[in-house]
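Colleague: Please read through the structure below; I'll follow up with questions.
FYI, it's all coordinate maths here, none of it is from the lab. All values derive from a computational prediction rather than experimental measurement. We place every Cβ from the backbone using ideal geometry, glycine too, and count neighbours over all the protein chains shown.
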Amino acid sequence: MKLKNFIIILFFIIGVGCQKGEKASPQPEKAILTFPIDNTICLEGNIISNTESSINFTWNSSNNTDAYEFSLKNLITGVSLIKLVNTTNIEVSLLRNTPYSWFVSSISTKNAFIAKSDTWKFYNSGPGSISYSPFPAEIIAPKKEESVQPISGNINLEWKGSDVDGDIINYDIYFGSSLIPPIFISKTTYTTLKDVPVKENITYYWKVITRDSKGNLSDSGLYQFVVK
């Protein structure tokens, strides 16, 4: 009986030891983007027509990665392109005179974790372009469909503007509880509006119009959030 118990204990110890000896597969690391460069006008590529050109997107390889998911977004239409590749580059046809954002996700077949790179923005150049519209403002908070807890009945609206020409002068903020929100504040130079009054259990809508010194405008698109 003692021998039987000893054997059972021995197998248990061996089993635990084997489990402890198994190493989890390492997580993939995020890729470093290399081209097109962030917040620039892309003048390189192959011209297809007056309205279209192709660009070779590149990034550095990342450790513990078997494939990459390439994501590209047209910042005017909001249409996205997603491609799975096992190389560190991809050539894509784009509209000219159009702003885009892009990022790459590193994927491993041995680990479910997905590492996302930084997101870069650029303008694909086109014929006759002297100045470029600002990139659509990046909404920081509240995010789309976020549930927000106000403080003393107030929240903050926060966004980030960027422009390849570096000549943003101000922003118009549209905000309200209707699907087409009215102008809330015009030509502000701030990128945060503090202590905006809201009511509980109400859905709010907002967007940011960015204006540069040449009169060019860009629209962030409409965002909505719910106040708890």
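Colleague: Taking amide H atoms as placed 1.01 Å from N in the peptide plane, list the residues 5 or more away in sequence, or in a different chain, whose amide H sits under 5 Å from that of Ile169.
Modeller: Arg211, Asp212, Ser213
Colleague: A follow-up question, please. I need the calculated FRET efficiency for the pair Ile202 and Ile140, taking r as the beta carbon distance and R₀ as 25 Å, to the nearest 0.05.
Modeller: 0.75
Colleague: Right, something else. Only helical DSSP H runs with n ≥ 4 go in: add -39500 (n - 2.57) per run for the chain, normalise by residue count and round the 222 nm mean residue ellipticity to 500 deg cm²/dmol.
Modeller: One gets -3000 deg cm²/dmol as the mean residue ellipticity at 222 nm.
Colleague: Among the listed pairs Lys143/Lys207; Lys73/Lys194; Lys30/Lys144; Lys30/Lys83, which have their C-alpha atoms separated by more than 19 angstrom in this model?
Modeller: Working: Lys143/Lys207 11 Å; Lys73/Lys194 30 Å; Lys30/Lys144 25 Å; Lys30/Lys83 17 Å.
Violating the 19 Å Cα-Cα cut-off are Lys73/Lys194; Lys30/Lys144.
Colleague: How large is log10 of I(q)/I(0) for the stretch 135-227 at q = 0.12, 0.23, 0.24 Å⁻¹ when the intensity is taken from the Debye formula with one equal scatterer per alpha-carbon?
Modeller: Calculated log10 I(q)/I(0) at the listed q: -0.35, -1.15, -1.23.
Colleague: Moving on to the next point. Modelling each spin label as a point 7 Å along the Cα-to-Cβ direction, I'd like the Asn50/Lys214 distance in nm, to one decimal.
Modeller: Using points 7 Å along Cα→Cβ, the separation is 1.9 nm.
Colleague: Write down the radius of gyration of the stretch 129-183 and its Dmax, each obtained from C-alpha positions, in Å.
Modeller: Radius of gyration, then largest Cα-Cα span, for the stretch 129-183: 14.4, 48 Å.
Colleague: Could you quote the convex hull projected area for the stretch 33-124, Cα atoms only and averaged over all directions, in nm²? Working shown, then result.
Modeller: Details: hull surface 22.9 nm².
Orientation-averaged projected area of the Cα hull: 5.7 nm².
Colleague: Here's something else I'd like to know. From the backbone phi of the stretch 88-96, what are the Karplus-calculated ³J(HN,Hα) couplings (6.51 cos²θ - 1.76 cosθ + 1.60, θ = phi - 60°) in whole Hz, Gly and Pro given as x?
Modeller: Coupling constants for the stretch 88-96: 9, 7, 7, 9, 9, 7, 10, 6, 7 Hz.
Colleague: Taking every pair of alpha-carbon atoms in the chain, what share in percent sits in each 5 Å bin, from 0 to the bin with the longest distance?
Modeller: Over the chain, the share of Cα pairs per 5 Å bin runs 1, 6, 11, 13, 12, 11, 11, 10, 7, 4, 3, 3, 2, 2, 2, 1, 1, 0, 0 percent.
Colleague: Each residue of the stretch 147-159 in order: what ³J(HN,Hα) in whole Hz does its phi give by Karplus 6.51 cos²θ - 1.76 cosθ + 1.60, θ = phi - 60°, with x for Gly and Pro?
Modeller: Taking θ as phi minus 60°, the curve returns 9, 10, 9, x, 10, 6, x, 10, 9, 10, 9, 9, 8 Hz for the stretch 147-159.
Colleague: How much length, in nm to one decimal, is gained on full extension between Ser147 and Asp165, taken as 0.36 nm per residue of separation minus their Cα-Cα distance?
Modeller: 3.0 nm
Colleague: Nearest 10 degrees is fine. How inclined is helix 2-21 to the longest principal axis of the chain, computing both from alpha carbons?
Modeller: 30 degrees
Colleague: To continue, here is another question. Where the centre of each part is set by its Cα atoms, how far does the stretch 147-220 sit from the stretch 52-97, in angstrom?
Modeller: Rounded to whole Å, the Cα centres lie 30 Å apart.
Colleague: Here's a follow-up. Considering Cα pairs under 8 angstrom that are at least six residues apart, work out the relative contact order of the chain and quote it in whole percent. Each step should come with its number before you reach the end.
Modeller: Working: 521 pairs, mean separation 38.9, N = 228.
Computed value for the chain: 17 percent relative contact order.
Colleague: At what distance in nm do the modelled label points of Thr40 and Ile76 sit from each other, each positioned 7 Å from its Cα along Cα→Cβ?
Modeller: 2.2 nm
Colleague: Kindly write out, for the stretch 208-224 in residue order, the coupling ³J(HN,Hα) from the Karplus curve 6.51 cos²θ - 1.76 cosθ + 1.60 (θ = phi - 60°), rounded to whole Hz, with x marking Gly and Pro.
Modeller: 10, 9, 9, 10, 10, 5, 8, x, 6, 10, 9, 10, 5, x, 7, 10, 10
Colleague: Of Ile130, Ile155, Ile180, which has the largest mean-square fluctuation in a 10 Å C-alpha GNM of the chain?
Modeller: Most flexible of the set in this elastic network: Ile130.
Colleague: Work out, step by step, the length gained on full extension between Leu84 and Val226: first 0.36 nm times the residue separation, then minus their alpha carbon distance; give nm to one decimal.
Modeller: Residue separation times 0.36 nm, minus the Cα-Cα distance, leaves 47.7 nm.
Colleague: For Thr188 and Ala67, what does the FRET efficiency come to when R0 = 35 Å and r is the distance between their Cβ atoms, rounded to the nearest 0.05?
Modeller: The pair Thr188/Ala67 has a calculated efficiency of 0.20.
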